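Shown next, in structure tokens, is the structure this report addresses.
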Amino acid sequence: MTMAPGARGGADALASGLDELQTPSAEALSDLLVAWQRVQGRHDLPWQGTRDPYRVWLSEVMLQQTQVATVLGYFPRFLERFPDVRALAEAELDEVLGLWSGLGYYSRARNLHRCARQVVERHGGVFPSSAAGLVELPGIGPSTAAAIAAFCQGERVSILDGNVKRVLSRVLGFPGDLSEARHERQLHRLAQDLLPSAASQMPAYTQGLMDLGATVCLPRQPRCEACPWSARCLGLSQGRAQDYPLRTRKLKRKSQQDWCLWLVDPQRDAVWLQQRPARGIWSGLWCWPLFSDEAACQAASAAVQPGTQLRSLPGFLHVLTHRDWTLHPRRLSLSGPVPDHDLERVLGAGRWWTRAEWSKLGLPAPVRRELTAA
């Protein structure tokens, strides 16, 4: 395949110190993508077709590290309960976490709540109109800020999430190691050079990048035959598109095991839950008391109600970004009342929640699943 001028322009620009891409090649790429998106891109997602920054922001936060199919179920429920930023700001965090339960990465929900309150308290309920202003808010990084500004204001600023890094690295044959911040900054400058000159094209261009990364330029089996940039893709012409983006620093996965004391009051159909610390895994969510080994879990059970037999339930694996976490539930059904202060003395701060109450709490997805099935 003959290498297109646009692709060679991108590679030469990087090699020569990141001079600007040639204007004709940048315009050609953006025009191709905008035309493709308008015909082949996604147009039926519930957060599309709006210039409301609240809805765009909510969808962008939900879509971080979460598949579209999952978000489709959560987005309308959030809007029904919190139709605007003021409604979200006035809610209690536990309710927000409860509606978020199952989406994972719960720091997003906490930042969502913090951000809503700042928008109301500091900006009168109106989101800043520029990416530079948006990025000052909690939980809004540069790529999310760029998406909101591009969709709602037509601002010429590029998104650079994981999918877009892959798309642009391949089309430009970007040789920089994206494990290094300096190379990521270089790629972002190149991404800026590729933007369409007309602000009116920014929504379609931005959505096109998202659609390309999500449906065509896939990590393992890219559908190059369906890509509007295939004739100008340096990675494809090299025969090594799947080698991009380059990352030499790999995440090291860890393994962890914990034992859970599932304490039940059958008289009230209630379960004893504790709120996790503000930092760490499942921070701020409600969970069973956790122990690092089975002996400690057994000792706590004996201290709560001596002579009562623990019921061992099958363990389950919970996969997190950097670790594989195996949890072993041990169920203790109380045969008589135990004062709350005695429970707190043994287990730490916590409280009883009935089924009607815990169903609305912010619970980790596996804990909710186990409780619901019981």
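Every number here is computed from the coordinates shown, using simple stated rules; none is lab data. Keep in mind it's a predicted model, so treat the numbers as computed, not measured. With ideal geometry, Cβ positions are generated from the backbone for all residues, glycine too; neighbour counts draw on all protein chains shown.
Listing for the model above:
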| item | result |
| --- | --- |
| Over the chain: helical MRE at 222 nm, DSSP H runs n ≥ 4 each giving -39500 (n - 2.57), nearest 500 | -13500 deg cm²/dmol |
| Nonlocal amide H pairs with L218, under 5 Å, H built at 1.01 Å | R223 |
| Rounded to whole Hz, the Karplus (6.51, -1.76, 1.60) HN-Hα couplings of region 352-363, x for glycine and proline | 7, 10, 6, 4, 5, 7, 5, 5, 9, 7, x, 10 |
| Net +/- balance of residues flanking L32 in space, Cβ distance below 14 Å, scoring K and R +1, D and E -1 | -1 |
| Whole-Hz ³J(HN,Hα) from phi, Karplus 6.51 cos²θ - 1.76 cosθ + 1.60, for region 120-131, glycine and proline x | 6, 6, 9, 10, x, x, 10, 5, x, 8, 10, 4 |
| Partner aspartates and glutamates for K252 [C-alpha distance under 18 Å; skip if fewer than 8 residues away on the same chain] | D177, E180, D324 |
| For region 251-374: rounded, prolate or oblate by the Cα gyration tensor [a/c cutoff 1.5] | prolate |
| Exposure rule at most 15 other beta-carbon atoms within 10 Å, DSSP loop GluC sites (Glu not before Pro): the chain longest free segment | 181-374 |
